[in-house]
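Below you'll find the structure, written out as structure tokens, and then a few comments.
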């Protein structure tokens, strides 16, 4: 992944940052490119299946931003988004999205993570 940009929807002097691809955990960023359809399968009496498919929705995606060696500034920025904003703008190489900053965490090794629940494509 080339990178991820995060921004608040209203002007905030401290509300935007771009994370270059080399700053991000490559294993986590590969998961961000996954897609799934809304389907359910039910076994039928004749030994087959019945499939109920309601299609694909961009709102089913989560974007996980993980910085393996996060500085105090990066950690403070990610925590700030979760604490003060119910919606943020997320830009990736595949498009721009609106999303909810769901959770932030930082482990003992300095690895900071932000989970963003996508609500719609901007």
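The values are calculated or read from the model by the stated rules, or taken from the named source; none is laboratory data. Nothing here was measured: the structure is a model prediction, and the numbers come from that model. Every residue, glycine among them, receives a Cβ derived from its backbone with ideal geometry; neighbour counts consider all protein chains shown.
Restricting to segment 38-68, count the residues that are assigned to a strand (DSSP E or B) and under 26 Å from residue 114 (Cβ atoms).
8
Condition first: closer than 19 Å to residue 10 by Cβ, in contact (Cβ under 8 Å) with a residue 60 or more places away in the chain and assigned to a loop (DSSP other than H, G, I, E, B). Now tell me which residues in segment 75-122 satisfy that.
85, 87
Kindly indicate whether any position in segment 42-56 is closer than 20 Å to residue 16 by Cα, modelled with pLDDT under 95 and surrounded by 12 or more Cβ atoms within 10 Å (Cβ to Cβ).
Within segment 42-56 (the criterion being closer than 20 Å to residue 16 by Cα, modelled with pLDDT under 95 and surrounded by 12 or more Cβ atoms within 10 Å (Cβ to Cβ)), the answer is no, since none of the residues qualifies.
Being out of contact with any helix residue (DSSP H, G or I) (no Cβ under 7 Å at 6 or more places or on another chain) and in contact (Cβ under 8 Å) with a residue 40 or more places away in the chain is the filter; apply it to segment 61-73 and report the residue that is surrounded by the fewest Cβ atoms within 10 Å (Cβ to Cβ).
Out of the qualifying residues, it is 69.
Does segment 8-20 contain at least one residue that is loosely packed, with under 14 Cβ neighbours inside 10 Å, part of a strand (DSSP E or B), under 16 Å from the mean Cα position of the chain (by Cα) and at negative phi?
Checked segment 8-20: at least one residue is loosely packed, with under 14 Cβ neighbours inside 10 Å, part of a strand (DSSP E or B), under 16 Å from the mean Cα position of the chain (by Cα) and at negative phi.
Return yes when residue 2 is more than 23 Å from residue 87 (Cβ to Cβ) and either loosely packed, with under 10 Cβ neighbours inside 10 Å or in contact with a helix residue (DSSP H, G or I) (Cβ under 6 Å, 6 or more places away or on another chain) (or both) and no when it is not.
Yes: the conditions hold for residue 2.
Scan segment 82-90 and tell me whether some residue there is touching a strand residue (DSSP E or B) at 6+ places or on another chain (Cβ under 8 Å), more than 23 Å from residue 113 (Cα to Cα) and surrounded by fewer than 10 Cβ atoms within 10 Å (Cβ to Cβ).
no
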